[in-house]
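The next block holds one structure in the form of structure tokens; read it before the comments.
The values are calculated or read from the model by the stated rules, or taken from the named source; none is laboratory data. If you're wondering where the values come from, they're calculated on a predicted model, not measured in any experiment. Cβ placement follows ideal geometry from the backbone for every residue including glycine, while neighbour counts extend to all protein chains displayed. Note: areas computed on protein heavy atoms with side chains; ligands, DNA, RNA excluded. Shrake-Rupley method; radii C 1.70, N 1.55, O 1.52, S 1.80 Å.
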Amino acid sequence: MTQPNRLNGGLIDHETRLKFIFDGKDYYGHPGDTLASALLANGVRLMGRSFKYHRPRGPLTAGSEEPNALVELRGGNRQEPNTRATTAELYDGLFAKSQNRFPSLAFDAMAINDRFSNFLTAGFYYKTFMWPAAFWEKIYEPIIRKAAGLGALSMRADPDEYDKGFRHCDLLITGAGPSGLMAALTAGRGGAEVILADEDFEMGGRLNAETLAINDAPARDWVVAALAELSSLPNVRLMPRTTVIGAFDHGIYGAVERVSDHLKTPAEGKPRQILWRIYTQKTLLCAGATERPIAFENNDRPGIMLASALRTYANRFAATPARRVAVFTNNDDGHRTARDLHAQGVKIAAVVDTRPDAQSSSDYEVLKGAQVIDSKGRLGLTFAEVKLADGSTRTIECGALGVSGGWNPNVHLTCHQRGRPTWNDDLAAFVPGDTLPPGLSVAGAANGSFSTHGALKSGAEAAKKALGLKGRLPKTPQAEDAPVSQTPFWYVEGCARAWLDQQNDVTVKDVKLSHQEGFRSVEHLKRYTTLGMATDQGKTSNLGGLAIMAELAGKSIPEVGTTIFRPPYTPVPIGTFGGRMRGMEFHPTRLTPSHFWAKERGAVFVEVGNWLRAQWFPIEGETHWRQSVDREVRQTRASVGVCDCTTLGKIDVQGTDAATFLNKIYCNGFAKLAVGKTRYGLMLREDGIAMDDGTAGRLAEDHFVVTTTTANAIKVYQHMEFVRQCLFPDLDVQLISTTEAWAQYAVAGPNSRKLLQKIVDPAFDISNDAFPFMACGNITVCGGLRARLFRISFSGELAFEIAVPSRYGDALMRKLMSEGEEFDVIPYGTEALGVMRIEKGHAAGNELNGTTTALNLGMGRMVSKAKDSIGSKLSERDGLNEDDALKQVGIKPLNPAEKITAGGHLMAADGPVDASHDQGYVTSAAFSPTLDHMIGLGFLKNGGDRLGEKMRLVSPVTDLTVEVEIVSAHFVDPEGERLRA
Amino acid sequence: MHDLAPITALGGTEPRIDTVAGVTLTEKPGLALASIAARHGKEAACRKHLKALLGSVPEPGKAKLRDPEAGFWMGPDFWMIGAPFDSHEDLAAQLVKRFGTSASVTEQTDAWAAFDLQGDGMEAVMELCCNLDIRQMQTGDAQRTSIHHLGCYVIRRDPTDWVRILGPRSSAGSLHHALHTAMKAAL
Amino acid sequence: MIINHPLLGPRDSAEFVYMGDAALIDRPDPDTASPEDWHDYAYLRDNPAGEHRELWFHEGGDRSWLVVTRNTVTHEISKVELARDVARARGRST
């Protein structure tokens, strides 16, 4: 097997062979190749089919601006569609398939679309799929969905990992061509922290693709020397294979580093790509320029490409699409391509120059004042049809045609903060405008300095200026300084099926049609025709469309204006944006101090925010969660149970004004709470709605421990800091979260005191007299370990909460279990906790749901009128205090076998069931093992006065109607005798 | 002496140690911590006690590394003091005595899990973990940052290839996983 | 965005929690304010296209509430103050 179109030289390692497979066929290439260059060297020009018309396509470019040569790279679960063959680095064993063709690239059944192209013009969907409406879902949408898109996803999970990272520098240089390298040398020698990023795997930019001389030696020698010096500087970091994708606010740039894309699979533990967030003081955009094509009839055949791409393939990759090529240009740069390929031994069929005064050559024919008007060749270019200056036509045999319509500076990043480029008549191109992102400047071809000398010089100057460096600039190396010589020429007159946007299949005809149909704004043109809306963002096509639009409207190009460029500069895999945040790494997991013990015990866990909490603890023989939960409730109410409640937020509040502060954040009073006592507190939002509840224990005159619900711990802390810093800045109060510091267990049930008495050191009397309901204090346990004890109860039983430093939490839980054996102690999980609090009628998150007030919760009288607190004033509003305001009630089914569901609504026993007859709703429901039927908590209009009323609980969505009775929310021990026992 | 056996933040009886390409990640359970918040109007007295304790008062972004007590700045008039656990398990009580009514002292020992990350590639690891400008951090710099969504303190130690990371204890496993994963990715 | 913290220097806005209009500092005097004052305080916010004084909480940092003066159109941040200082300057010391 040979590579028929492989040339000599270039930056590839001819000695090493890399095998690869394209569309099932074996080929080989060399290190330094891209997939596109290797295919071209192997004589393959046809690499894909176009989006709409399924026309045969080959590469238009040799870089990331490529619209055509998109392939499915890799197989299996690593298959990635729409990968640009022009940037895919060749590796041994590479596997790729062409896309958007059936059954094969050479014969594509959908190519029939090309015959019906008249129907597929701009606005096709809008015009065609108008009626009948019923056809949309069943007929049109499936057809469109099937036809849409190019490559296919693997439909399997991506096995690769992606990272995010953060780097900082004084100067970020994007692009390592002549201007970028000079800038990096200048800044690096000046001592600045520099990051030089380039999307290519080989730094050097166009210098890698040209035969130019720098300092009378090959330009590549200068590149190698510059890179060697930069690598030796500790303050300079080279980031090849890294695309700067966006310029964000205040000097933050996004960059994607392709760490492992040039490997068959990433090395163990290594990411495939890294999304870097780069923080920089200054940025220098040295992104170069992109050549633009000229539109002519059938200008999209494989083999027709940008003249600079033809040159890049020959000079850098030692590859040519054909042995006989032609060039079509409106400027001097096109001739460079002819010279370079000629020097490589490629036959130049002709150079077609639109300018009558074009330069001549002794090596090949130059057709001056001529135009390529059409092309031929079924699956690749065979002939170019040329209209000569005298109006006659000539057919030129060639397998490749290099087209050059001039160059466009790569201004994209200058537009990411709504900057608009400005038109430069000399270059016939948009150059960076004067509203650049703060801190960003532009050098080299990206700024319109197209000569090598201009790029080198501007790079050094811009770096010096950006950093305010003192001293002399490095000497600018000697290099060509040719002026731009071109005559703007956008499209061949009379052409119609001449492609502007090859990725979205937009032709000159489409642009004309959209103008004819009245689309005048460039943004409308873009959306109506889809010009520039493909993944290449129209890098090679936008200006052509604008130029035609300008001509049709009788305006200049700058008058027509441009659409705006947005990040990312080139497509980014969605996995890269996700980074490590997948599966269990989506967020951190918080484990309670008894977690490892609970796991041993076979607990079933539930996610509560980031916490994993034991939901229930199944024992042998239990096959249904209800069995476990019912047992845990019964056992706790009968004897004693232990529950890990570490997850409740704990905030240490200290200071001489601590009580004053609590008076502000709680609607009820705390100033008079005695030391050694705990009180329930309700926090309101300033608008009078309940925010959170919990307890606050007073450990000393100037020291409280506030608890919050698990869910609101972070929010409440933030709120308390707001009140402290922004509303009452001179109170003597200090806050810190201690949630993590203490392992806290609820010990509940009639035997809870007896159990704790075995653990609490004898110096501390926890009898009912010495340590009554709502007492709290510092104690020691197990022979001297500092601990805190609170006599509070969420279950309604005699209960305590005991806290020890977290590291001892595991041991304390084991101790409670072993010491509690004589009481048949059991651990209980969040389900039993929930059941018991519903039985007791305690409000929780379902009731504190962001719409309810203290009044609704049955705590209206708790809102102190004697003091100001957050939310107290607005809680007095009429609208929140109407006679039929919702009140918390209990709900039980008349038939004990029936079900209560949370979310169901309460309706009168008779009458219509609709929103206007809604009386209230159920917030929480559970099976009560204590009462042996289901119970619920809910809100009912004027509920306090309606105990005993029979109503219907309805849930139209689940088709449920249950006859219920309204009862007190306190199903168990309404008088509170147990918890005071 | 009580008879409750402690476990480390990662749930072991011994601290966990992981090494990747010469960089070592070590769980450090032997650290007692307590916060010091100056009382309103007593800031000067509080700073005086801090100076006596540490030799100087850590300013924003800074730590004072010193034996047996060290400290770093956490917020306005707000510091964290650290000391060896074995000798200072009652650190908070000791500080209450020392600071009197000039500061509010809160035990923080088990609110945090501490990890030491040390070795030649430490900076490369940190670059994948958080947005700190780790290359510019000097010995004695102490910054709060987010690692895997967890608010952590990062303190650069002496020698400079060493940072100590304090993260929320309940998420020690996630934090360790994030650090260890970054070590494998970066090194 | 980068918020130049008065004590800690430039910090990524990702470390902060945003709460909006800094007018929230101006909580009405409970002894004298009318229901309308409370209504305005609780519900009315300016939403200017341009300079805006906003509350940001440095949750991932030193837990300071900041008042950030930011242009909502350009994102330019012209001033960053400790909210506590602002509150004191606005007479909230009691």
Task: region B:129-187 and region A:1-23: distance between their alpha carbon centers, rounded to Å - done: 46
Task: A:Asp426/A:Arg472 FRET efficiency (R0 45 Å; Cβ-Cβ; nearest 0.05) - done: 0.90
Task: Shielding of A:736-744 by partner chains, average beta-carbon count, 10 Å - done: 6
- [ ] Before anything else, pin down the relative contact order of chain A: Cα pairs under 8 Å, at least 6 apart, normalised by residue count, whole percent.
- [x] 9
Open item on the list: For region C:2-89, what does the convex hull of the Cα positions come to per residue, in cubic angstrom?
Closed with: 100
Task: Protein accessible surface hidden between A and B, which excludes ligands and nucleic acids, total in Å², probe 1.4 Å - done: 4400
Task: Formal net charge of residues neighbouring B:Gly140 (Cβ-Cβ distance under 13 Å; K, R +1; D, E -1) - done: +3
Task: Paired Rg and Dmax values of chain B, which use every Cα atom, in angstrom - done: 16.5, 51
Open item on the list: With just the Cα atoms defining each centre, how far is region A:894-944 from region B:1-29? Give it in Å.
Closed with: 51
TODO: Calculate one ³J(HN,Hα) per residue across region A:181-187 by plugging θ = phi - 60° into the Karplus curve 6.51 cos²θ - 1.76 cosθ + 1.60, and present them in order as whole Hz with x for glycine and proline.
DONE: 5, 5, 5, 5, 5, 5, 6
Task: Average projection area in nm² (convex hull over Cα atoms of region A:406-463, one quarter of hull surface) - done: 3.8
- [ ] Specify whether the C-alpha gyration tensor of region B:104-187 places it in the rounded, prolate or oblate class, a ≥ b ≥ c being the square roots of the eigenvalues: rounded for a/c under 1.5, otherwise prolate if a/b is larger than b/c and oblate if not.
- [x] oblate
Task: Per-residue HN-Hα couplings for region A:932-946 [Karplus 6.51, -1.76, 1.60; θ = phi - 60°; Hz; x = Gly/Pro] - done: 6, 7, 7, 9, x, 10, x, 10, 10, 4, 6, x, x, 9, 10
Task: Reachable aspartates and glutamates from B:Lys48, criterion Cα separation under 17 angstrom, eight or more residues apart if same chain - done: B:Glu59, B:Glu69, B:Asp77
TODO: Over all alpha-carbon pairs of the protein assembly as shown, lay out the pair-distance distribution in 10 Å bins, whole %, shortest bin first.
DONE: 2, 8, 14, 17, 16, 14, 12, 9, 5, 2, 0, 0
- [ ] Take peptide B:3-14, look around each residue's Cβ out to 10 angstrom, count Cβ atoms belonging to other protein chains, and average those counts.
- [x] 5
TODO: Give the distance, in whole Å, between the Cα centre of region A:32-99 and the Cα centre of region A:809-851.
DONE: 61
Open item on the list: Students often forget the sequence filter, so: which lysines lie under 20 Å Cα-Cα from A:Lys758 once same-chain residues fewer than 8 apart are removed?
Closed with: A:Lys815
Task: 5 Å binning of all Cα-Cα separations within region B:31-109, expressed as whole percents from 0 upward - done: 4, 19, 31, 29, 14, 3, 0
Task: Inter-chain shielding of A:213-226 (mean C-beta neighbours from other protein chains, 10 Å cut-off) - done: 0
- [ ] Kindly flag which residue pairs out of A:Lys164/A:Lys464; A:Lys368/A:Lys475; B:Lys28/B:Lys51 have an alpha-carbon separation exceeding 28 Å in this structure.
- [x] A:Lys164/A:Lys464; A:Lys368/A:Lys475
Open item on the list: Nearest 10 degrees is fine. How inclined is helix A:542-553 to the longest principal axis of chain A, computing both from alpha carbons?
Closed with: 70
Task: Listed peptides B:146-159, A:856-869 by packing density, highest first (mean Cβ within 10 Å) - done: B:146-159, A:856-869
Task: Karplus 3J(HN,Hα) series, Hz, for region A:21-33 with 6.51 cos²θ - 1.76 cosθ + 1.60 (x for Gly, Pro) - done: 10, 10, 6, x, 10, 7, 9, 9, x, 9, x, x, 6
TODO: Send over a whole-number figure in Å² for the accessible area per residue of region A:542-589, probe 1.4 Å.
DONE: 44
Open item on the list: Can you return the lysines within cross-link range of A:Lys512? Criterion is Cα-Cα under 17 Å, with same-chain partners fewer than 8 residues away left out.
Closed with: A:Lys127, A:Lys526, A:Lys555
- [ ] For region A:798-859, report the translational diffusion coefficient in µm²/s to the nearest whole number, using Stokes-Einstein at 37 °C, 0.692 mPa s, and a Kirkwood Rh over Cα pairs.
- [x] 225
Task: Too-long pairs where the Cα-Cα distance tops 21 Å, listed order kept, from A:Lys52/A:Lys97; A:Lys599/A:Lys899; A:Lys347/A:Lys376; A:Lys650/A:Lys677 - done: A:Lys599/A:Lys899
TODO: Counting only DSSP beta bridges with both residues in chain A, tell me the antiparallel percent, nearest 5.
DONE: 75
Task: chain C - percent of accessible surface contributed by carbon and sulfur, probe 1.4 Å - done: 49
Open item on the list: For a protection proxy built on the mean count of beta-carbon atoms within 10 angstrom, sort C:34-42, B:106-114 highest first, please.
Closed with: B:106-114, C:34-42
Task: Spacing of the two label points (7 Å from each Cα toward its C-beta) at A:Asp26 and B:Thr24, in nm - done: 5.1
Task: Spin-label pair B:Asp3/A:Lys715, simplified geometry with 7 Å Cα→Cβ offset, distance in nm - done: 4.5
Task: Estimated inter-spin distance, A:Ala152 and A:Asp434, nm [label 7 Å along Cα→Cβ] - done: 5.5
Open item on the list: Quick query: amide H of A:Gly681 versus all other amide H atoms, modeled in the peptide plane; which residues come in under 5 Å with a sequence gap of 5 or more or a different chain?
Closed with: A:Gly694, A:Thr695, A:Ala696
Task: Packing rank of A:715-727, A:570-582, A:431-443, where each peptide gets the mean count of other beta carbons within 10 Å, highest leading - done: A:715-727, A:431-443, A:570-582
Open item on the list: How many Å² of accessible surface get buried when A and C come together, counting both sides, probe radius 1.4 Å, rounded to the nearest 100?
Closed with: 2600
TODO: Quick one: net charge around A:Ala349, please, counting Lys, Arg +1 and Asp, Glu -1 for every other residue with C-beta under 11 Å from its C-beta.
DONE: +2
Task: Unit charges on C-beta of K, R, D, E only; dipole of chain B, Debye - done: 680
